[in-house]
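K.L.:
Can you keep this structure in mind? I'll have questions shortly.
Values quoted throughout were computed directly from the atomic coordinates according to the rules given, and no laboratory measurement underlies them. Not measured: the values here are computed from a predicted model. Every residue, glycine as well, gets a Cβ built from its backbone with ideal geometry; the counts of neighbours run over all protein chains shown.
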Amino acid sequence: MRIVITGASGNIGSALLRQLTRAGGHELVGLARRRPDDVAPFDDVQWSPVDLTRAEDEAALMAACVGADAVVHLAWGFQPSHREDYLAELGIGGTRRVIEAVTAAGVPHLVHMSSVGAYSPKQDDAPVDESWPTEGVPSSMYSRHKVAAERLLDRLESDTGRGGPVITRLRPGIVGQRSAGSALLRYGLPGALPSSLLRHVPILPLDRGLTIPMVHADDVASAVVSVLESRAPGAFNLAAEPPVTAADIAAALGARLVQVPAAAVRVAVSLSWRARVQQVDAGWVDMGYAVPLLDSSRAASELGWSPATDALSVLSETVSGMRDASSDHSPVLRPRSVAGALGRFARRGPVASREQP
């Protein structure tokens with residue numbers, strides 16, 4: 001099978017490559033702005049340097065899709081968080097460009113990595129299935145963009161009907177793994193602070209009502225493999241049990257949970273983000289408290305999917321990876337260091353507003 005993967009060097013992409021290269025028998029085409037090191041799992045892949053924000057790269061995207069049996073669209077952006085124009089061009093514009101290339105090249109299967117963030121706010125902590133509305137959390141930039149990407153898929157299905165590609169939408173909870181530790185630190189911890197600080201967090205100020213779904217990157221990858229093999233259409237929730245609570249996060253950090261209302265947490269995050277002290281905008285707080293828990297029974301019954309790693313183990317592994325600044329051999333998952341972060345700050349400014357290379 002010829003499989004084209006956008007964002008193939010990232011968190012989920014690296015896990016997917018591990019499984020596909022281990023299975024063998026596939027022609028893998030990875031699309032990324034920057035090529036990873038020529039080591040496993042990135043070495044058995046044909047790499048094409050494609051930037052999904054650039055109209056100039058549309059020809060290369062199209063060429064990569066010609067003759068493909070499936071396109072797996074994973075590419076997404078989280079920084080610079082003060083540049084919504086760039087993030088929208090990558091998330092929404094990139095999805096539009098992928099859809100156009102898939103349609104023009106006649107690719108029979110498009111697998112789109114959506115998110116729990118596309119769902120409308122929960123009413124309670126009862127898990128929801130794939131019929132829950134996908135209107136998102138309006139104050140979250142990430143959520144708005146995931147919703148816009150889903151509307152593009154809706155339009156594709158409406159315009160092409162039975163004559164178009166099979167469209168699979170995967171909606172995972174928070175996706176973690178050890179090797180994403182450095183990347184997650186760059187998104188959430190100022191570069192001047194060493195990862196070792198996570199070993200000395202005395203208190204965690206959060207609202208006890210926080211409850212989120214999590215899943216391991218390897219388990220998301222196994223779901224992707226299953227839908228590629230079965231060409232299953234429609235949406236699939238992906239989450240491991242049990243739901244992760246604020247108390248669980250505090251325990252993973254070795255910290256004491258201090259009850260702080262979500263509204264107060266939001267104010268603190270918003271003020272520090274606006275002051276460029278840290279790079280996480282308040283929309284992530286809103287989304288964290290609004291997203292529903294996920295019922296993954298459709299994936300279990302139709303794909304035979306079940307997560308190999310429970311959610312608390314995913315949390316523990318991910319936090320451990322962040323403490324150790326764990327990494328992989330790709331620019332997205334590169335090692336994080338204070339010296340490197342300060343050097344990039346001096347050359348290019350703060351990550352939350354800098355231009356992408």
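K.L.:
Taking N as the number of residues in the stretch 47-88, what is its alpha-carbon radius of gyration divided by 2.2 N^0.38 Å? Intermediate values should be presented prior to the final figure.
P.N.:
Details: Rg = 12.4 Å, N = 42, 2.2 N^0.38 = 9.1 Å.
Compactness ratio reported: 1.36.
K.L.:
While we're here: What is the gain in length, in nm to one decimal, between ALA275 and THR103 on full extension, counting 0.36 nm per residue of separation less the C-alpha to C-alpha distance?
P.N.:
Numbers: separation 172, 0.36 × 172 = 61.92 nm, distance 4.34 nm.
Stretched out fully, the ALA275 to THR103 stretch lengthens by 57.6 nm.
K.L.:
Please give the contour-minus-distance gain from ASP43 to SER313: 0.36 nm per residue of separation, less the Cα-Cα distance, rounded to one decimal in nm. Don't jump to the answer; show the numbers that get you there.
P.N.:
On the way: separation 270, 0.36 × 270 = 97.20 nm, distance 2.91 nm.
Full-extension gain reported as 94.3 nm.
K.L.:
Give the share of C-alpha pairs in each 10 angstrom bin for the stretch 211-342, from 0 to the last occupied bin, in whole percents, shortest bins first.
P.N.:
10, 29, 36, 20, 4
K.L.:
Please sort 277-283, 321-327, 122-128 by packing, taking for each peptide the average over its residues of neighbouring beta carbons within 10 angstrom, highest first. Could you put the intermediate results ahead of the total?
P.N.:
Details: 277-283: 19.0, 321-327: 20.7, 122-128: 12.6.
In descending order of packing, they fall as 321-327, 277-283, 122-128.
K.L.:
Subtract the Cα-Cα distance of ILE203 and ALA126 from 0.36 nm times their separation in residues, and report this length gain in nm to one decimal.
P.N.:
Values: separation 77, 0.36 × 77 = 27.72 nm, distance 2.88 nm.
The ILE203-ALA126 span can extend by a further 24.8 nm.
K.L.:
Give me, ordered by chain and number, the residues 5 or more places off LEU294 or on other chains with an amide H under 5 Å from its own placed amide H.
P.N.:
When sequence neighbours closer than 5 places are left aside, the close amide H contacts are VAL128.
K.L.:
Okay, next question. Choose one of VAL267, GLY94, VAL332: the residue whose Cα lies farthest towards the positive end of the charge dipole of the stretch 2-345 (beta-carbon charges +1 Lys, Arg; -1 Asp, Glu; about the Cα centre).
P.N.:
After comparing all options, I get VAL267.
K.L.:
Now for a different question. With label points built 7 Å along Cα→Cβ from the Cα atoms of SER196 and SER306, find their separation and express it in nm.
P.N.:
Going by the 7 Å Cα→Cβ label model, 4.3 nm.
K.L.:
In whole Hz, with x marking every Gly and Pro, tabulate ³J(HN,Hα) for the stretch 124-129 from phi via Karplus 6.51 cos²θ - 1.76 cosθ + 1.60, θ = phi - 60°.
P.N.:
Going residue by residue, I get 7, 9, 6, x, 10, 9 Hz, with x marking Gly and Pro.
K.L.:
Semi-axes of the stretch 243-283's equivalent ellipsoid from the Cα gyration tensor, sqrt of 5 times each eigenvalue, largest first, rounded to whole Å?
P.N.:
Over the Cα atoms of the stretch 243-283, the ellipsoid semi-axes are 22, 11, 9 Å.
K.L.:
Convert each backbone phi in the stretch 280-296 into a coupling constant with the Karplus relation 6.51 cos²θ - 1.76 cosθ + 1.60 (shift: θ = phi - 60°), then list the ³J(HN,Hα) values in order as whole Hz, x for Gly and Pro.
P.N.:
For the stretch 280-296, the Karplus-derived couplings read 9, 7, 5, x, 5, 5, 4, 5, x, 8, 9, 5, x, 6, 10, 8, 9 Hz, x marking Gly and Pro.
K.L.:
Let me ask something else. Using amide H atoms built in the peptide plane, which far-off residues or other-chain residues are under 5 Å from GLU241 H to H?
P.N.:
Placed amide hydrogens put ALA311 under 5 Å from GLU241.
K.L.:
Can you say what percent of the DSSP beta bridges in the chain, counting only those with both residues inside, are antiparallel? Round to 5. Mind showing how you got there, number by number?
P.N.:
Details: 3 of 37 bridges.
Here the antiparallel bridges make up roughly 10 percent for the chain.
K.L.:
Please state the Cα pair-distance histogram of the stretch 12-111 with 10 angstrom bins from zero: what percent is in each bin?
P.N.:
Spelled out bin by bin, the stretch 12-111 gives 15, 46, 33, 6, 0 percent.
K.L.:
For ARG155 paired with GLU229, estimate the spin-label separation in nm (one decimal), with each label point 7 Å from Cα along the Cα-to-Cβ line.
P.N.:
3.5
K.L.:
Further, regarding this structure: Which cross-chain or sequence-distant (5 or more) residues have an amide H under 5 Å from the amide H of TRP305, H modelled 1.01 Å from N in plane?
P.N.:
ALA300
K.L.:
List, largest first, the extents of the alpha carbons of the stretch 258-327 along their principal axes, each in whole Å.
P.N.:
That works out to 47, 30, 23 Å along the principal axes.
K.L.:
Compute the separation of the alpha-carbon centres of the stretch 65-105 and the stretch 1-26 and state it in Å as a whole number.
P.N.:
17
K.L.:
Report ³J(HN,Hα) in whole Hz for each residue of the stretch 9-15, in order, from the Karplus equation J = 6.51 cos²θ - 1.76 cosθ + 1.60 where θ = phi - 60°; Gly and Pro get x.
P.N.:
Once rounded to whole Hz, the list reads 9, x, 4, 6, x, 5, 5.
K.L.:
To continue, here is another question. Find how many whole Å separate the alpha carbon centroid of the stretch 179-234 from the alpha carbon centroid of the stretch 297-314.
P.N.:
16
K.L.:
Next up: Quick check on packing: order 308-316, 29-37, 258-266 by the mean number of other C-beta atoms within 10 Å, highest mean leading. Write down the numbers at each step before the final one.
P.N.:
On the way: 308-316: 18.2, 29-37: 21.0, 258-266: 14.2.
The most tightly packed comes first, giving 29-37, 308-316, 258-266.
K.L.:
If you split all Cα-Cα distances of the chain into 10 Å bins from zero, what percentages do you get per bin, shortest first?
P.N.:
5, 24, 37, 25, 8, 1
K.L.:
Placing unit charges on C-beta atoms (Lys and Arg positive, Asp and Glu negative, everything else neutral), compute the dipole magnitude of the chain about its Cα centre in debye, rounded to 20.
P.N.:
Working: 35 positive and 38 negative charges, 250 e Å.
My answer is approximately 1200 debye.
K.L.:
Follow-up. Before anything else, pin down the relative contact order of the chain: Cα pairs under 8 Å, at least 6 apart, normalised by residue count, whole percent.
P.N.:
Contact order relative to length: 22 percent.
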